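Every number in this text was worked out from the coordinates using simple rules, so none of it is lab data. Note that this is a predicted model, so its numbers are computed, not measured. Neighbour counts are summed over all protein chains in view; Cβ atoms, including those assigned to glycine, are modelled from backbone coordinates with ideal geometry.
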Amino acid sequence: MKLKYFSAPYLVWMVVFIVVPLIMIVYFAFTTDNGSFTMKYISDVGQYANIFVRSIWLSLIATAICLVIAYPVAFILSRMDKHKQGTMLMIVMLPMWMNFLLRTYAWMTILGNNGIINHILNIMGFESVRLINTSGAVVLGMVYNYLPFMILPLYSVMEKIDKSLFEAADDLGCSPVSTLFRVVIPLSMPGITSGITMVFVPAISTFIISRMLGGGSNLLIGDLIEMQFLGNAYNPHLGAAISLVLMVIILVIMTVMNQFDPDEQVLM
Amino acid sequence: MENIINLKDIVVEFEDGEKILKNINLDIKDKEFVTFLGPSGCGKTTTLRIIAGFLEPTSGDVFFDGQRINGLPPHKRNINTVFQRYALFPHLNVYENIAFGLRVKKVPEKEIVSRVGEMLEMVNLMGFEKRSVNRLSGGQQQRVAIARALVNHPKVLLLDEPLGALDLKLRKEMQIELRKIQQELELTFVYVTHDQEEALTMSDSIVVMNNGYIQQIGSPTDIYNEPVNAFVADFIGESNIINGSMPKDCVVEFTGKRFECVDKGFSPNEAVDVVIRPEDVRIIPAEKAQLTGRVESVVFKGVHYEMCVDGVDNKWIIHSTKACPVGSMVGMTVDPDDIHIMKKSEDNAL
């Protein structure tokens, strides 16, 4: 087929921007400044185990919250009139049209020590509450920023479920709750797994959200990596090693996820 | 025989005020094969959905086994449905699709195995247990849908144009098979179709519907031989429908001539529809006949020829085993028995 020549630019793109950087990361992770092989940096990553655990933990919580919020939203959306669906989808997408930084800044002014929420609390005669620079604020930022990435894949899978399947389940003795567990959830599994991927992967590697809403005390892997390349701690070898370990962790988690998806459609 | 389902004064009106069903009254006898027959949009599927519980009537009552079941959701009714496009669960294989209803009801595993096995045998799908339903042919999917409904031992099985998507030969096989299943299991089947031949083949009784009204209820022979109005006559088989009038009992006038017939009870000179089946028109030499016409076309239909004869006032469709040359003048005669007289009216309710 002549058609395969059309993919040539993409192959070049993949090699230059994906394969080569990947090789460079692996190279940096296993070498010292003078180019000799070492396991030092990989073993050094172990010192940051607490940051890895915190990153995984916070992104898992954020992913779970996204799923719980997005699932009913996507379901209701998928069962609406076709023309209403378009409007509602646009409302879901609307925050994504604004700059990511701007959106997160907005939360800083809402949650800040002298922010809108505390201001209102003070007026009502309550003490100020520390909202910003907590892990809760980081999770909130993740949920807010990545929620649409959970809703969209869920919606696109649910929208394709034939309404007559719900009637069939009802006909065969299913209450609405058992229809949910026996028909809706199994059939929306591909949407669940790709939604989790789409939220979990960016959440675990974010550094803006934790920097802006988490203060210094809620360092995530993303911050750690950024510090090695651009920050004071400049050490690209360690940065590469951390990136590599993070990649392996994500890969392992995604492989586990794939086991739940009968069609294995998850993006790795 | 006892009635298993009664519909009393059922009206269905949509929000925009459109009336889908206009006062349906119907009794369905236990262990009977009933067919709702009518053109699309006549309300037959709506009536079925009311019995299944997917739709609540705007007014009127639904009785099942003597109990009023208005408002009872489908999963609490002892009725199962075979859906038009099967609605098989794509995430489950053949076995699990059939076992679905039993698993929901927490039937013991041992009983599930034996009941699903029975069903697989009945619909001739042994060996397909592990097959994904997406990899079945239309006919096989149909069988799974039937087995999935029947495994629950419903008192009534509803079938919504279940054979519509199958090719003619398969459809004929399935018609006979469905009829056999119904008689073996001694169940009540309520079957929806727009195919009059299918209705005549399978049913104990046929409910002809049009425009949200029931036009006629009766056995296939009754419906075919004694249609109550021109709509039923035209819908069930082909018919010649001619405007006429009744000067007096047992005499009907059409195309300007008087004919002997067997119907009575009309007011003098009442305008009526005269219905004559194509196979009841006999060809005779033109000079001896009251009715004459010129043959316009002849089509060979296998068992018979279908001729279109132009009789000046109206055209006649005639089924005959002998063909007449196109363009020739022919005479036609009809026995008094075969002239059916019907009251004029389009969608009169019973």
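Would you mind working out the magnitude of the charge dipole of the protein assembly as shown relative to its Cα centre, with +1 at each Lys and Arg C-beta and -1 at each Asp and Glu C-beta, to the nearest 20 Debye? Please report the intermediate quantities before stating the final value.
On the way: 53 positive and 65 negative charges, 472 e Å.
Here the size comes out at about 2260 debye.
Return the distance in nm (one decimal) between the two label points of a simple spin-label model at B:Ile176 and A:Thr31, each offset 7 Å from Cα along Cα→Cβ.
Using points 7 Å along Cα→Cβ, the separation is 8.0 nm.
In whole Hz, with x marking every Gly and Pro, tabulate ³J(HN,Hα) for segment B:227-239 from phi via Karplus 6.51 cos²θ - 1.76 cosθ + 1.60, θ = phi - 60°.
For segment B:227-239, the Karplus-derived couplings read x, 7, 8, 5, 4, 4, 4, 6, 6, 8, x, 8, 9 Hz, x marking Gly and Pro.
Per the Kirkwood treatment, what hydrodynamic radius in Å, one decimal, follows for segment B:67-202 from the mean inverse distance over all distinct Cα pairs?
15.4 Å
Using the number of other C-beta atoms within 10 angstrom as an exposure proxy, rank A:His237, B:His304, B:His340 with the fewest first.
The order, fewest Cβ neighbours first, is B:His304, A:His237, B:His340.
Pop the C-beta distance of A:Ala106 and A:Asp44 into the FRET formula with R0 = 51 Å and round what comes out to the nearest 0.05.
0.85
May I ask you to evaluate 6.51 cos²θ - 1.76 cosθ + 1.60, the Karplus curve with θ = phi - 60°, for each residue of segment A:32-40 and list the ³J(HN,Hα) values in order in whole Hz, giving x for glycine and proline?
8, 4, 8, x, 8, 5, 8, 9, 3
What ranking do A:Thr206, A:Thr38 get, fewest neighbouring Cβ atoms within 10 angstrom at the top?
Fewest-to-most ranking of A:Thr206, A:Thr38: A:Thr38, A:Thr206.
Could you work out the relative contact order of chain B? I mean the mean sequence separation of Cα pairs under 8 Å and 6+ apart, divided by the number of residues, in percent.
16 percent
Using the Cα centre as the reference, give the magnitude of the dipole from point charges on the C-beta atoms of chain A (Lys, Arg: +1; Asp, Glu: -1; all else neutral), rounded to the nearest 20 debye. Display every interim value, and only then the final one.
Details: 13 positive and 14 negative charges, 78 e Å.
Taking the Cα centre of chain A as origin, the dipole is about 380 debye.
Grab the other residues whose beta carbon is less than 13 angstrom from that of A:Lys82, score K and R as +1, D and E as -1, and report the net.
For residues surrounding A:Lys82, the net value is +1.
Run the quick spin-label model on A:Arg79 and B:Ser219: label points 7 Å from Cα toward the beta carbon, then report their separation in nm to one decimal.
Taking the two extended label points, one gets 4.7 nm.
5 Å is the cut-off here: which amide hydrogens, built 1.01 Å from N in the peptide plane, fall below it relative to A:Gly215, excluding neighbours closer than 5 in sequence?
Under 5 Å from the amide H of A:Gly215: A:Asn133.
Which of B:Ile318, B:Ile206, B:Phe54 sits farthest toward the positive end of the charge dipole of chain B, with +1 on the Cβ of Lys and Arg and -1 on the Cβ of Asp and Glu?
Looking along the dipole axis, the top candidate is B:Phe54.
Using +1 at the C-beta of Lys and Arg and -1 at the C-beta of Asp and Glu, which of A:Phe37, A:Met142, B:Gly265 has the Cα lying farthest in the positive direction of the dipole of the protein assembly as shown?
A:Phe37
Between A:Met96, A:Met257, A:Met80, which gets the highest mean-square fluctuation from a Gaussian network model of chain A, Cα cutoff 10 Å?
Sorting by GNM fluctuation, first place goes to A:Met80.
Relative contact order for chain A using alpha-carbon pairs under 8 Å, separation at least 6, rounded to a whole percent?
That works out to 27 percent.
In nanometres, what is the gap between the two model label sites at B:Val251 and B:Asn3, each 7 Å from Cα along Cα-to-Cβ?
Those two pseudo-labels are separated by 4.3 nm.
Using the crude model of +1 on Lys and Arg Cβ and -1 on Asp and Glu Cβ, and no other charge, please compute the dipole size for segment B:162-246 relative to its Cα centre, in debye to 20.
100 debye
With the dipole of the protein assembly as shown worked out from charges on the C-beta (+1 for Lys and Arg, -1 for Asp and Glu) around the Cα centre, which of A:Gln259, B:Leu159, A:Phe229 lies farthest toward the positive end?
Most positive-ward Cα: A:Phe229.
At a 10 Å Cβ-Cβ cut-off, how would you order B:Ile112, B:Ile98, B:Ile79, fewest neighbours first? Don't skip to the answer; put the middle values down first.
Working: B:Ile112 19, B:Ile98 31, B:Ile79 23.
Least to most surrounded, the residues fall as B:Ile112, B:Ile79, B:Ile98.
Which FRET efficiency, nearest 0.05, do B:Asp313 and A:Phe126 yield, Cβ-Cβ r, R0 60 Å?
With R0 = 60 Å, the Cβ-Cβ based efficiency is 0.05.
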